[in-house]
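For reference, the structure discussed in these notes is given below.
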Amino acid sequence: VSITDNGAAIFRLDISKKDSLEINVGELTEGGINSLQGDQFRQLIRSRFFSSTNIRGYYPMIINLSTSKLQSKELKVVFDGEITTSRANLVADSVSFLPEHVTAYGSQESLSKLEHATTEYTVFKNLKATSQLPVSIKQVEGVKFVPDQVEIFIPIKEYTERTFEVPITATGLPGKLDVKFFPSRANVSFSVTLDEYRKITPEDFEIELNYRTFYQNEDGRVELKLSKSPAAAQNIRISPSSVEFLFETRSDQ
């Protein structure tokens, strides 16, 4: 809106910050008005200024009042970001949200494109204890989320390191064929909570390799993978990561 007036009036307008219009869309559309323009629009603008103010021009000249009913959709909240803990701690379980779902309001077309409500990309660094922190929902054009902020619950536990020596075995060997691994055992290191430390034993881990997955390896080496491990063990590492193997034929006695 472009206006002219005396200096004092302009100063008062600047101080009062009369820079917005309130339009009762429901009342106008019920009266059969689908657009705001002409004298009606000009009078609405004039109501925001002093009687001495001269309106030189305004843009846009027409405001379309057509509306459509908003649809709603309940969406699960999904975290987007990074979580790191201090050295002796790890995230003990999946994060959760309070609430776990938010309601999205928008056109049917806009909502059909949404499968979940994603948080703003957020980084939580060096967490030392279980935390409940605010995180905002990432805005989507034409969609309103209620609520637009949730609480993320991050369970943190203190962990310690432990290492076991685990034998390497093979299954599915045909007939009289046998296999030897060099070395024949591997060190399995992992992180575990103090509560679970004494509950885990070497027998909870197995490195059992299927003959069919490595017998054609021309370099005579096979990558090691755990075939069994307890759920309480986190950040599991195997050393060495691969070993040499040699096939032998058993003789009948």
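Which pairs do you get when a residue that is under 30 Å from Ser107 (Cβ atoms), found in segment 144-169, comes within reach of a residue that is in a loop (DSSP other than H, G, I, E, B), reach meaning Cβ atoms under 7 angstrom, with the pair 6+ apart or on two chains?
Listed by first residue and then by second, the contacts come to Val150/Pro99; Ile152/Phe79; Ile152/Val95.
Please list, ordered by first then second residue, the pairs with beta carbon atoms under 6 Å, 6 or more apart or interchain, first in segment 39-66 and touching a residue at least 12 places away in the same chain (Cβ under 8 Å), second among the small types (Gly, Ala, Ser).
Partner pairs satisfying both residue conditions: Phe50/Ala9; Ser52/Ala9; Arg56/Ser2; Gly57/Ser2; Ile62/Ser35; Asn64/Ser35; Leu65/Ser35.
Tally up the residues in segment 37-60 that are part of a loop (DSSP other than H, G, I, E, B) and under 15 Å from Ile23 (Cα atoms), please. Working first, answer last.
Step one: list which residues in segment 37-60 are part of a loop (DSSP other than H, G, I, E, B), which gives 37, 47-53, 58-60.
Imposing the further condition that a residue be under 15 Å from Ile23 (Cα atoms) reduces the set to 37, 47-48, 60.
Of the residues in segment 37-60, 4 are part of a loop (DSSP other than H, G, I, E, B) and under 15 Å from Ile23 (Cα atoms).
Any residue at all in segment 77-88 that's in contact (Cβ under 8 Å) with a residue 60 or more places away in the chain, over 16 Å from Pro155 (Cα atoms) and among the aliphatic types (A, V, I, L, M)? Step through it out loud before you land on a result.
First, the residues of segment 77-88 that are in contact (Cβ under 8 Å) with a residue 60 or more places away in the chain: 77, 79, 83, 85, 88.
Within this subset, residues satisfying the condition of being over 16 Å from Pro155 (Cα atoms) are 77.
Among the residues that remain, those that are also among the aliphatic types (A, V, I, L, M) are: 77.
Checked against the condition, which is being in contact (Cβ under 8 Å) with a residue 60 or more places away in the chain, over 16 Å from Pro155 (Cα atoms) and among the aliphatic types (A, V, I, L, M), segment 77-88 yields at least one hit.
So which strands (runs of 3 or more DSSP E) are wholly in segment 152-253 and hold at least 2 residues that are crowded, with 16+ Cβ neighbours inside 10 Å and of a type in the set (Ser, Thr, Tyr)? Before the answer, list the steps.
Details: elements: 156-171, 177-182, 185-193, 207-210, 221-223, 234-239, 242-249.
It comes to 185-193.
A quick yes/no check of all residues on (1) in contact (Cβ under 8 Å) with a residue 60 or more places away in the chain; (2) farther than 30 Å from Thr103 by Cβ; (3) in contact with a strand residue (DSSP E or B) (Cβ under 7 Å, 6 or more places away or on another chain); (4) assigned by TED's automatic domain parsing to the domain that holds Ser107:
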| position | (1), (2), (3), (4) |
| --- | --- |
| Ile137 | yes, no, yes, yes |
| Phe190 | no, yes, yes, no |
| Arg221 | no, yes, yes, no |
| Ser229 | no, yes, yes, no |
| Glu244 | yes, yes, yes, no |
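Output the number of the condition that Glu115 fails; it satisfies all remaining conditions of (1) loosely packed, with under 12 Cβ neighbours inside 10 Å; (2) in contact with a Ser or Thr (Cβ under 8 Å, 6 or more places away or on another chain).
(2)
Evaluate the following for Asn24: is it outside the structural domain of Asn126 (by TED's automatic domain parsing) and in contact (Cβ under 8 Å) with a residue 24 or more places away in the chain?
On the way: outside the structural domain of Asn126 (by TED's automatic domain parsing): yes; in contact (Cβ under 8 Å) with a residue 24 or more places away in the chain: no.
Spelling it out, it is not the case that Asn24 is outside the structural domain of Asn126 (by TED's automatic domain parsing) and in contact (Cβ under 8 Å) with a residue 24 or more places away in the chain.
Quickly run through segment 69-105 and pick out the residues that are part of a strand (DSSP E or B) and among the polar types (S, T, N, Q).
Just the residues of segment 69-105 that are part of a strand (DSSP E or B), to begin with: 71-78, 81-85, 89-91, 96-98, 101-105.
Gln71, Ser72, Thr84, Thr85, Asn89, Ser96, Thr103, listed by residue number.
If I ask for residues that are assigned to a helix (DSSP H, G or I) and of a type in the set (Ser, Thr, Tyr), which ones from segment 12-36 would you list? Even if it seems obvious, please write down each step before you answer.
Initial filter on segment 12-36 (assigned to a helix (DSSP H, G or I)): 12-16, 25-30.
If the condition is that a residue be assigned to a helix (DSSP H, G or I) and of a type in the set (Ser, Thr, Tyr), then Ser16, Thr29 are the ones that fit.
Filter segment 163-198 for residues that are under 30 Å from Ser86 (Cβ atoms) and modelled with pLDDT under 95 and give the result.
Kept after step one, since they are under 30 Å from Ser86 (Cβ atoms), are these residues of segment 163-198: 163-166, 186-198.
Once the filter is applied, which keeps residues that are under 30 Å from Ser86 (Cβ atoms) and modelled with pLDDT under 95, segment 163-198 yields Ser191, Val192, Thr193, Leu194, Asp195, Glu196, Tyr197, Arg198.
Of all the residues that make up segment 211-253, how many are of a type in the set (S, T, N, Q), at pLDDT below 95 and within 39 Å of the chain's Cα centre (by Cα)? I'd like the intermediate steps shown before the answer.
In the first step, residues of segment 211-253 are kept if they are of a type in the set (S, T, N, Q); the result is 213, 216-217, 227, 229, 234-235, 239, 241-242, 249, 251, 253.
Applying the additional criterion that residues be at pLDDT below 95 yields 213, 216-217, 234-235, 249, 251, 253.
With the extra rule that they be within 39 Å of the chain's Cα centre (by Cα), the set shrinks to 213, 234-235.
Result for segment 211-253: 3.
Would you tally the residues in segment 106-133 being in a loop (DSSP other than H, G, I, E, B), touching a strand residue (DSSP E or B) at 6+ places or on another chain (Cβ under 6 Å) and of a type in the set (S, T, N, Q)?
Final tally of qualifying residues: 1.
Please verify whether Ser136 is outside any loop (DSSP other than H, G, I, E, B), out of contact with any Gly (no Cβ under 7 Å at 6 or more places or on another chain) and not aromatic (Phe, Trp, Tyr), treating the condition exactly as stated.
Working: outside any loop (DSSP other than H, G, I, E, B): yes; out of contact with any Gly (no Cβ under 7 Å at 6 or more places or on another chain): yes; not aromatic (Phe, Trp, Tyr): yes.
Taking the combined requirement at face value, the residue satisfies it.
The values are calculated or read from the model by the stated rules, or taken from the named source; none is laboratory data. Keep in mind that what you see is a predicted model, and the values were worked out from it rather than measured. Using ideal geometry, Cβ is built from the backbone for each residue, glycine included, and neighbour counts are taken over all protein chains shown.
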